[in-house]
Amino acid sequence: MQSVFGDLNRDKESENIISLESLVRANYEEINENYLKIKEFRHSYDFGSLISNAKSRLQSFLGCDSLDTSVKWKPVYFLFLSADGKDMDDALVIDFNLIYKMTEEQRINFLAHEFFHVYRGHFENHEFNYANDINFAIDMIANEGIADQIDKYMGYREYYSSIIGSKELAEEFVSLYSKAEQDITTLQTILLQYADKQIDKNTCIDKLLEIYKYNGHALGFYMSNQIILAGLKQEMLKSFHNPYEFYRLYLLATNKNNDKLLSRKFLNYLKKTTEQYYQ
Ligand SMILES: [Zn+2]
């Protein structure tokens with residue numbers, strides 16, 4: 001997951017339905033039970049190999065010959081949190097109990113997902129993303145949607161129940177995913193109302209918060225899955241830093257089956273909003 005921004009973080013309770021407190025408590029109870037084994041694992045585990053394997057995994061996911069050498073990688077810290085990772089401003093912070101429980105392949109995919117955010121951060125347009133919460137949400141949906149293909153390609157139910165080990169999160173994400181198509185149409189309606197000046201910025205953000213949960217993971221993952229099903233994966237990866245391209249490819253992918261999902265008008269609005277930032 002990624003750190004949240006501004007107003008999108010103002011009401012934690014409504015944003016994330018399952019409280020962080022309960023996830024942290026469950027994690028600590030598990031750590032307590034396995035503390036000696038976790039300690040032993042920390043002494044014997046090869047963290048350096050994990051980091052280089054995760055970079056290789058990212059490189060093969062992106063389909064490039066080598067990763068850009070000018071990217072500044074962040075240090076990775078392993079702490080006890082909830083079963084998750086966070087991309088902070090100056091470091092990646094990953095729950096160590098989660099790493100302990102995972103298979104090596106799962107660890108590599110998990111870290112490669114977080115590295116994707118760091119790598120993308122190098123190519124993103126920060127001026128666009130951080131101009132306001134609306135831009136931030138538009139971009140984050142694309143960002144998480146592509147990143148989830150690295151470690152959650154098996155689907156949310158299997159990922160959250162088998163890998164993260166939380167039935168609660170599995171149900172939550174499956175439920176968000178099942179209404180993603182509808183929510184993306186709602187996103188479009190909200191943004192067009194804002195573009196047409198029918199609603200002001202704060203109302204727009206309030207309305208977005210009703211569908212933008214957990215940094216827009218489910219919306220983005222639904223979109224990237226439709227893009228891949230339509231055979232447009234390579235195009236999606238080629239323009240992995242550009243949110244407009246992500247929405248354009250989703251429109252292209254879904255128009256083959258349904259022309260009611262995203263409209264040209266919406267795409268033109270997004271193009272107008274983003275084109276000064278992306279060449
Ligand atoms: Zn993420």
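Only the coordinates and a few stated rules stand behind these numbers; no lab work does. Note that the structure is predicted; figures quoted are calculated from it, not measured. Don't worry about glycine lacking a Cβ; one is built from the backbone with ideal geometry, like all the others, and counts go over all protein chains shown.
So, with +1 on the Cβ of K and R and -1 on the Cβ of D and E, and no other charges, what is the size of the charge dipole of the chain about its Cα centre, to the nearest 20 debye?
Working: 31 positive and 41 negative charges, 140 e Å.
Here the chain has a charge dipole of around 680 debye.
In what sequence, highest mean first, do 213-224, 186-197, 105-116 appear when ranked by Cβ atoms within 10 angstrom?
Result, highest mean Cβ count within 10 Å first: 213-224, 105-116, 186-197.
If a/c stays under 1.5 just call it rounded; otherwise compare a/b with b/c (prolate if a/b is bigger, oblate if not). Do that for the stretch 6-123, with a ≥ b ≥ c from the square roots of the Cα gyration tensor eigenvalues.
Oblate shape, in that a/c is at least 1.5 and b/c is the bigger or equal ratio.
Only helical DSSP H runs with n ≥ 4 go in: add -39500 (n - 2.57) per run for the chain, normalise by residue count and round the 222 nm mean residue ellipticity to 500 deg cm²/dmol.
Numbers: 14 runs with 176 residues, N = 279.
Only helices count here, giving -20000 deg cm²/dmol.
At 7 Å along Cα-to-Cβ for each site, give me the label-to-label distance between LYS72 and LYS272 in nm.
Taking the simple label geometry, LYS72 and LYS272 are separated by 3.7 nm.
Kindly give the semi-axes, whole Å and largest first, of the ellipsoid equivalent to the chain, taking each as the square root of 5 times a Cα gyration tensor eigenvalue.
Working from the Cα gyration tensor, I get semi-axes of 32, 21, 17 Å.
Which entries of LYS207/LYS238; LYS167/LYS233; LYS55/LYS233; LYS74/LYS213 show an alpha-carbon separation above 23 angstrom in the structure shown? Intermediate values should be presented prior to the final figure.
Values: LYS207/LYS238 32 Å; LYS167/LYS233 30 Å; LYS55/LYS233 20 Å; LYS74/LYS213 26 Å.
Listed pairs above 23 Å: LYS207/LYS238; LYS167/LYS233; LYS74/LYS213.
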